[in-house]
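Visitor: Sharing a structure, written as structure tokens. Questions coming.
The values are calculated or read from the model by the stated rules, or taken from the named source; none is laboratory data. Owing to the predicted nature of the structure, the values given are computational and were not obtained by experimental measurement. Don't worry about glycine lacking a Cβ; one is built from the backbone with ideal geometry, like all the others, and counts go over all protein chains shown.
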Amino acid sequence: MPRERRFRADNLMETIHTVAWMKQVAREARRNERILGLVPTMGALHEGHLSLVREAQGQCAPVVVSIFVNPTQFGPAEDFQKYPRTLEADRAALQKMGVDYIFAPPPEEVYQEGFRTFVDVEGLNARLEGRTRPGHFRGVATVVLKLFEIVQPRFAFFGRKDAQQVRIIRQMAADLNLDAQVVVCPIVREADGLALSSRNAYLNGDERRAATALYRSLDAVQREIAAGERDVARLVAAMRRVIDAESKVSLDYAEIVDADTFEPALALRKSCYALIAAGVGSTRLIDNALIDADGEAVRVTV
Ligand code: AMP
């Protein structure tokens, strides 16, 4: 078989359930100097996930998509049990795209009896998502480090949808001298602006309509900035106004933060994020816009 076909024999995608076999495949890819790309997900795949896969396929072969609902990143009162699990549909979508491997281990493969080692990216993990979801980023950093060890990717693809998560993973990769290069991909949205999320499946009709408030609050920031507004407090107030006007949506936080520290930005300087988190019914959603300031010129990417 020609060498470059080795990872796509007959276009058959392989689903790997054990750490040992995944490591074996990763080792072989490395030995053959293949550029392995990893797309970590929790499954219930949507177009946002698939955009990461497409990006990975443009840069890497083979591509591994991990599907693992990671128990350590869910709080005790969170939706770990009811989180959507749609492995067969996920598999069909990835097969159609020509993905090489799915890594879908059961929890006990990843967390063996007696597991007691965690990664904490201090400081960056304490505010915003980390404050509302204590321990969340410790679970995320730990599982991503484990995935990097098991899959040995040269590139790993993440969505800007989870901006604080990406910042934390980048910090971990730098601090721990990890080989994987972290690639950040744009947010994929519905036609009405709602950012795609596996949790959107929880929304009923009214909630689905109300959920666009998150996007609309970011759009308000974009419009205010286009109209010349530069004051951070007034921009945050504009975000809040949109959320407050929607009775089905309860604000968790609306902030404009420095993209490096994730501390509140005092002025629009360098890169910032407008971050929003809100409950829609019993579903918690997050979204963000990237604000790039260069002198008076400010570019907003929602
Ligand atoms: P999850 O399955 O929610 O853990 O997400 C897996 C990856 O997909 C993460 O890197 C997310 O940031 C990314 N992702 C989720 N939703 C979107 C979206 N709407 N656009 C782009 N990337 C996304």
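Visitor: Being over 18 Å from Arg54 (Cβ atoms) and aliphatic (A, V, I, L, M) is true for just one of Leu87, Leu94. Which residue is that?
Guide: Result: Leu87 is the single residue among Leu87, Leu94 that is over 18 Å from Arg54 (Cβ atoms) and aliphatic (A, V, I, L, M).
Visitor: Which residue pairs have Cβ atoms under 7 Å apart, sit 6 or more places apart or on different chains, and have a first residue in segment 216-241 that is under 12 Å from Ala267 (Cβ atoms) and a second that is surrounded by fewer than 18 Cβ atoms within 10 Å (Cβ to Cβ)?
Guide: As it stands, the answer is Val232/Leu266; Val232/Ala267; Leu235/Glu229, since those pairs meet every condition given.
Visitor: Have a look at Ala174, Ala156, Ala201, Ala191 and point out the one that is among the small types (Gly, Ala, Ser), exposed (fewer than 15 other Cβ atoms within 10 Å of the Cβ) and not in a helix (DSSP H, G or I).
Guide: It is Ala191.
Visitor: In addition: Return yes when Asp120 is more than 13 Å from the ligand (Cβ to nearest atom) and touching a Phe, Trp or Tyr at 6+ places or on another chain (Cβ under 7 Å) and no when it is not.
Guide: Against the criterion (more than 13 Å from the ligand (Cβ to nearest atom) and touching a Phe, Trp or Tyr at 6+ places or on another chain (Cβ under 7 Å)), Asp120 does not qualify.
Visitor: Related question: Among the candidates Glu28, Glu33, which residue alone is assigned to a loop (DSSP other than H, G, I, E, B), more than 16 Å from the ligand (Cβ to nearest atom) and under 18 Å from Asp179 (Cα atoms)?
Guide: Matching residue, one of Glu28, Glu33: Glu33.
Visitor: Considering every residue within segment 47-67, establish whether at least one is at pLDDT below 95 and over 15 Å from Ala156 (Cβ atoms).
Guide: no
Visitor: Which residue, of Gly48, Gly114, Gly58, Gly75, is among the small types (Gly, Ala, Ser), in a loop (DSSP other than H, G, I, E, B) and within 16 Å of the ligand (Cβ to nearest atom)?
Guide: Result: Gly75 is the single residue among Gly48, Gly114, Gly58, Gly75 that is among the small types (Gly, Ala, Ser), in a loop (DSSP other than H, G, I, E, B) and within 16 Å of the ligand (Cβ to nearest atom).
Visitor: Additional query: Testing Val257 on (1) within 14 Å of Arg299 (Cα to Cα); (2) buried (at least 18 other Cβ atoms within 10 Å of the Cβ), one condition comes back false. Which one is that?
Guide: Val257 satisfies every listed condition except (1).
Visitor: In segment 30-56, which residues are within 14 Å of Val99 (Cβ to Cβ) and of a type in the set (Gly, Ala, Ser)?
Guide: The answer is Gly37, Gly43, Ser51, Ala56.
Visitor: A follow-up question, please. Failed condition for Val53, given (1) in a helix (DSSP H, G or I); (2) more than 10 Å from the ligand (Cβ to nearest atom), with all others met?
Guide: (2)
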